Amino acid sequence: MTQKGGRIIVFEGVYPPSEDSYLLLDSLSLEEGDRVLDVGCGSGVISVEALEHTSGAVSLDISIDATRNTRENILRNRLEEGSNVVQADLLTALAPDTKFSVVVFNPPYLPVDEHSTTMDQALVGGEKGNEVILRFLEQLQGHLEDEGRVYIVMSSLSDPDAVSNYMESLGMSVLIAATKPQFFEKLVVLMGTLRHKETVL
Ligand SMILES: C[S@@+](CC[C@H](N)C(=O)[O-])C[C@H]1O[C@@H](n2cnc3c(N)ncnc32)[C@H](O)[C@@H]1O
């Protein structure tokens with residue numbers, strides 16, 4: 001899916017839609033009946049696309065500025081019906097029985113380095129870079145429908161194989177939906193599909 005452009009404004013201090021946002025958007029396949037969870041919604045670039053193609057989306061971000069920015073872009077695009085924007089640390093604010101058919105996360109995924117910036121909350125995912133992603137996956141259990149899909153974009157610098165293995169251990173089939181070379185790294189979109197649990201009689 002490609003953002004048509006011109007529909008998103010970005011507040012100061014909020015992550016502007018970038019290569020990773022667009023790679024993730026291009027990998028997404030959404031259907032009218034999907035119920036989407038956009039984690040780390042930032043400017044709302046993914047939520048706007050999701051609300052345009054589906055019946056509803058919940059958008060979460062730990063940053064109050066990001067949640068305000070997402071709300072503003074949803075309103076500008078007249079997509080407020082079926083939308084819910086919440087400030088929260090990952091999935092901690094979700095009721096235990098809330099389930100989604102599609103979960104999208106463009107996380108902070110870079111390993112810590114010695115240069116800190118005001119964008120670190122959007123960029124840095126821990127010592128190895130994948131700690132926020134692993135915490136998110138742990139919390140995702142019980143919130144994905146059977147056959148539901150999760151899309152995560154990350155860097156080749158933060159061990160996508162370890163993330164993929166963890167997703168497999170949670171009962172997902174995982175494939176690489178897209179890759180894009182950058183200067184010193186490669187962007188990778190992992191797509192996991194939760195396997196239907198067979199009932200044993
Ligand atoms: C790389 S930006 C992605 C923004 C937007 N989804 C996009 O694709 O352009 C990562 C976002 O995750 C948010 N974030 C970081 N840690 C988080 C956490 N623990 N819980 C929720 N959101 C978090 C940041 O505030 C930031 O807005």
### Query
Within the stretch 150-182, how many residues are touching a Gly at 6+ places or on another chain (Cβ under 9 Å), assigned to a helix (DSSP H, G or I) and either closer than 23 Å to residue 93 by Cα or open to solvent by 40 Å² or more (accessible area, probe 1.4 Å) (or both)?
3
### Query
For residue 25, all conditions in the list (1) within 11 Å of the ligand (Cβ to nearest atom); (2) over 15 Å from the mean Cα position of the chain (by Cα) hold save one; what is the number of the exception?
(2)
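Is it the case that residue 113 is among the acidic types (Asp, Glu), more than 26 Å from residue 147 (Cβ to Cβ), open to solvent by 40 Å² or more (accessible area, probe 1.4 Å) and assigned to a loop (DSSP other than H, G, I, E, B)?
Details: among the acidic types (Asp, Glu): yes; more than 26 Å from residue 147 (Cβ to Cβ): yes; open to solvent by 40 Å² or more (accessible area, probe 1.4 Å): yes; assigned to a loop (DSSP other than H, G, I, E, B): yes.
Judged against the criteria, residue 113 is a match.
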### Query
Among the residues of the stretch 129-149, how many are open to solvent by less than 70 Å² (accessible area, probe 1.4 Å), free of Cβ contacts under 8 Å to residues at least 40 places away in the same chain and not in a helix (DSSP H, G or I)?
2
#### Entry: Leading residue by the ranking (nearest to the chain's Cα centre (by Cα)) among those in the stretch 33-60 that are open to solvent by 20 Å² or more (accessible area, probe 1.4 Å) and modelled with pLDDT of 95 or more
40
### Matching residues in the stretch 58-82 - criterion: being more than 12 Å from the ligand (Cβ to nearest atom) and touching a helix residue (DSSP H, G or I) at 6+ places or on another chain (Cβ under 7 Å)
74, 77, 79, 80, 82
### Whichever residue in the stretch 83-110 is of a type in the set (Gly, Ala, Ser) and open to solvent by 30 Å² or more (accessible area, probe 1.4 Å) and, among such residues, is farthest from the ligand (Cβ to nearest atom)
95
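The values are calculated or read from the model by the stated rules, or taken from the named source; none is laboratory data. Because the structure is a prediction, the values reported are computed rather than measured. Counting neighbours? That spans all protein chains shown, and the Cβs are built from the backbone with ideal geometry, glycine included. Areas reflect the complete protein model, heavy atoms only, side chains present, ligands, DNA and RNA absent. Shrake-Rupley method; radii C 1.70, N 1.55, O 1.52, S 1.80 Å.
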